[in-house]
Amino acid sequence: MKLSRILSNENGVSRKQANRTIASGMVLVDGRCCTDAAAEVSRFQRVTANGQVLQQGIPARYLMLNKPAGYLSATSDTVHPTVLDLLPPELRERLHIAGRLDRATTGLLILTNDGTWSRRLTEPRLKIPKVYRVTTAYPLGPDTAERFARGIWFAYEQLTTSPATLEQLAPCEARLTIFEGRYHQVKRMFHAVGNRVTGLHRERVGDIVLPDDVPPGTYRHLSDSELRSVPQSRASDSTMP
Ligand code: URA
């Protein structure tokens with residue numbers, strides 16, 4: 001929301017009066033003077049005018065969770081436990097999942113209450129790599145890597161997947177890097193080449209790597225550098241907490 005709107009909404013003053021107050025240098029955003037009435041301010045930022053709090057700012061949350069098998073990537077479900085059940089209640093409010101995993105899939109899941117940030121993380125045009133360790137039912141075919149690199153035709157969506165990188169680790173094991181996050185994408189890619197995924201674990205999203213000290217079923221807050229590794233657009237820069 002624009003800074004001038006926060007002033008006029010909260011104080012019931014006219015936009016003109018709000019602009020004047022902002023121009024006079026009496027308005028602080030996160031403790032810093034802001035004289036730009038058009039500055040974009042997120043709901044995570046604290047705004048004061050003349051020492052009076054106009055917007056408290058809610059805490060922004062960015063978490064990584066090591067998802068165990070059996071948990072749904074959903075915020076509620078009547079049948080299965082969800083990944084939110086693995087978090088303390090005080091952290092759960094308004095969280096959403098940035099890039100879901102299937103129930104049987106394990107590994108890196110990112111949760112946040114900041115939609116601007118998560119949209120960038122999952123924005124297909126940015127082609128942020130997602131790295132999976134894959135176990136297959138049958139040995140990898142000699143042409144699988146090449147076919148994934150060329151792209152796999154998904155008839156339902158009428159599209160070819162972006163070029164993906166496959167590194168074979170063992171006859172039935174590989175590391176696969178994809179650059180989009182389509183429904184059941186990895187399973188469908190292997191199915192298309194006559195194989196079947198029997199184990200799937202996400203190791204990395206962009207520069208955010210699941211570390212060894214976050215065991216299955218546990219979480220931690222993202223570090224500043226992990227947070228800032230997700231490219232932000234110019235407009236949303238000013239909304240970063
Ligand atoms: N692709 C899949 O098929 N499943 C996942 O959970 C993630 C990617």
*Mind running the shape call on the range 90-141? Use the C-alpha gyration tensor, a ≥ b ≥ c as the square roots of the eigenvalues: rounded below 1.5 for a/c, prolate if a/b tops b/c, oblate otherwise.*
oblate
*Where the eigenvalues come from the Cα gyration tensor of the range 105-176, what are the semi-axes √(5λ) of the equivalent ellipsoid, largest first, in whole Å?*
26, 17, 10
*For the chain, what is Rg from Cα atoms divided by 2.2 N^0.38 Å, rounded to two decimals?*
1.25
*Longest segment of the chain lacking chymotrypsin sites (Phe, Trp or Tyr not before Pro) that sit in a DSSP loop with at most 15 other Cβ atoms within 10 Å*: 1-155
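Taking 0.36 nm per intervening residue step and subtracting the Cα-Cα distance, what contour gain separates D102 from H184 on full extension?
Numbers: separation 82, 0.36 × 82 = 29.52 nm, distance 0.74 nm.
Length gained, D102 through H184: 28.8 nm.
Got a number for carbon plus sulfur as a percent of the range 62-227's accessible area, 1.4 Å probe? Display every interim value, and only then the final one.
Values: 4310 of 8380 Å².
Result for the range 62-227: 51 percent of the exposed heavy-atom area is carbon or sulfur.
How much length is gained if the chain between V79 and V13 is pulled fully straight, taking 0.36 nm per residue apart and subtracting their Cα-Cα distance, in nm to one decimal?
Numbers: separation 66, 0.36 × 66 = 23.76 nm, distance 4.99 nm.
Stretched fully, the V79-V13 segment lengthens by 18.8 nm.
Keeping all protein chains in place, calculate the accessible area per residue for the chain (probe 1.4 angstrom), answer in Å².
Values: 12680 Å² over 241 residues.
Result: 53 Å² per residue.
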_Taking R0 as 51 Å, what FRET efficiency do you get between Y156 and L91 from their Cβ-Cβ distance, rounded to the nearest 0.05?_
0.90
*asked:* Tell me the carbon and sulfur percent of the accessible area for the range 3-55, rounded to whole percent, probe radius 1.4 Å.
replied: 43 percent
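Relative contact order for the range 3-55: what is it in percent, counting Cα pairs under 8 Å that are at least 6 residues apart?
Numbers: 75 pairs, mean separation 17.8, N = 53.
Relative contact order of the range 3-55: 34 percent.
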*Antiparallel as a % of all DSSP beta bridges within the range 62-227, to the nearest 5?*
90 percent
*asked:* If I stretch the segment between R228 and V53 completely, what's the gain in nm (0.36 nm per residue apart, minus their alpha carbon distance), one decimal?
replied: 60.2 nm
*Take every Cα pair under 8 Å in the range 62-227 that's 6+ residues apart, average their separations, divide by the length, and report that relative contact order as a whole percent.*
30 percent
*Check the straight Cα-Cα distances from K2 and name the aspartates and glutamates below 18 Å, setting aside those fewer than 8 residues away within the same chain.*
E10, D30, D36, E40, D114, D237
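The values are calculated or read from the model by the stated rules, or taken from the named source; none is laboratory data. The shown structure was predicted, so the numbers you read here are calculated from the model rather than taken from an experiment. Counting neighbours? That spans all protein chains shown, and the Cβs are built from the backbone with ideal geometry, glycine included. Areas reflect the complete protein model, heavy atoms only, side chains present, ligands, DNA and RNA absent. Shrake-Rupley method; radii C 1.70, N 1.55, O 1.52, S 1.80 Å.
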